[in-house]
Amino acid sequence: MAHAHIDMNWQWGFDETVNVTLDTFRTMLQIMREYDDFTFSQSQGSLYKIVESYDPEMLEEIKQRVVEGKWEITASTWVEADKNMPSGESQTRQLLYTKKYLSQLFNQPLDSYNIDFEPDTFGHSIHTPEILTKAGVKYYYHCRGRKEGPTLYRWRSPSGAEIIVNWEPQFYNAFIQSDMCLYVPEMVERTNIPYVLKVYGVGDHGGGPTRRDIERIKDVSKWPIYPKVKFSTYREYFEMVEKYKEQLPIEYQEQNFICDGCYSSQSRIKKGNKASENGLYEAELFSTWAALIQGAHYPKQRFEKAWRAVLFNQFHDILTGSGVDATRDYALGLYQEVAATVNANKKIALQKLAQQIHTSDLVVSEGDDEQCLAYGAGAGSAQYENGTGKTRIYHVFNPTMQARQEVIELMIWEWQYDHERMLFTNEKGEVVTHQVLEKDFNHYWGHHYLKLALEVDVLHAAMQHTF
């Protein structure tokens, strides 16, 4: 099976990733024109998005080769991501958006993308089979993550979900050599299956198979004493292996670890990933709530674009921190764009939700209709305030599925009164405990504020508290 391992921004920036992708794909198409029986397989949905964005004419030829069966798409995820640090939701979105995108791009059914090709991923969590099977993925290929054990096995998660796995013992970046057949008898004896997978092609910085590789394959296929060699696809191989499924050993444990230090390096990238995952969850939740209650527009396309940025950064060399300065800079830039989407849409949704909360029966003191001369925006998605005067109304929203009682921080903008006489009450009129954290005037770009700690009790999940 010919493939080209393309690392996303590993030792270079995104501009070079684009160049590597286009040059590699252009070379593969040229080889296909020269060798009728040559087949090529390529993973990672983001690579096809690069082609669509930067060389759409080449994409049309790739589509034709896909129809002909010469170009196999082994992408069911946006990138070859780490399988340990991303949340279960992120791993689900990898599959959801990739299969949807490729299905629309190549006019193929969703269930045709049933291979997860992860040769270089450093680790694979125990729940991987569970997530993949629910997305219709049946087959899994990996190289890293274990040092011994069967090369073909059924991997079963705690729930009982199961996939067929090929662990690559010979490494995935390889040239074709005439002595590659020497391990075939041993592999056949160990698996009791008369087929052996051989992956070849220059990788990491792209490249793929060379003419020399193909000529050698054509040469050894004519030798009278030599295993039968043919150009094939991963799907054909796994479907043949599936016929022997019952005789494959079952593995129950996670496939970890390698490159352990990567799980603690580049903390800013890891922080950005977690902040983006949590932020998108909250923004989507509140936007859904606003759409159901207020009939507000749900920004589906904006969220999908933001998710793709997060998924791209979960590539096994980016999220793990094994890249260079250009790797980090591009990743952190994407996280800024994600934060912008999160904050903007969260604010829109919360304002819609606040509009439907009945507050007309709350007592407003005489004289509270005075205007704030410094009326304007504050800092952060939750700090916008248009209240003025001594009496103001605040809503605290609970984005979790559990009731919560905890202390939050609140910024009171343009407060011109005695903070020692400040009093908070909830919607029942009960006094809410608070403490002034920063009592002096704190200036922020033309505005000033007080910062307080407030004890909030939201008894219902996914609800709000008004005080």
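Quick check: anything in the range 65-76 within 12 Å of the chain's Cα centre (by Cα), within 19 Å of TYR141 (Cβ to Cβ), not in a loop (DSSP other than H, G, I, E, B) and not assigned by TED's automatic domain parsing to the domain that holds ARG268?
no
Considering only the range 1-43, how many residues are crowded, with 17+ Cβ neighbours inside 10 Å, farther than 16 Å from LYS70 by Cα and touching a residue at least 40 places away in the same chain (Cβ under 8 Å)?
Qualifying residue count, the range 1-43: 10.
In the range 122-136, what residues are within 17 Å of the chain's Cα centre (by Cα) and part of a loop (DSSP other than H, G, I, E, B)?
Selection gives PHE122, GLY123, SER125, HIS127, ALA135.
Which fully enclosed helices (runs of 4 or more DSSP H) of the range 185-298 have 1 or more residues being touching a His at 6+ places or on another chain (Cβ under 9 Å) and assigned by TED's automatic domain parsing to the domain that holds THR327?
The helices (runs of 4 or more DSSP H) meeting that bar are 267-294.
When you check ARG308 against the structure, is it touching a residue at least 60 places away in the same chain (Cβ under 8 Å) and either outside any helix (DSSP H, G or I) or closer than 23 Å to LYS100 by Cα (or both), yes or no?
yes
Tell me, please, whether a residue that is in the same structural domain as PRO249 (by TED's automatic domain parsing), over 30 Å from LYS305 (Cα atoms), aromatic (Phe, Trp, Tyr) and at pLDDT 95 or above can be found in the range 131-152.
no
The values are calculated or read from the model by the stated rules, or taken from the named source; none is laboratory data. Just so we're clear, the structure is a prediction, and the values are computed from it rather than from any experiment. Every residue, glycine as well, gets a Cβ built from its backbone with ideal geometry; the counts of neighbours run over all protein chains shown.
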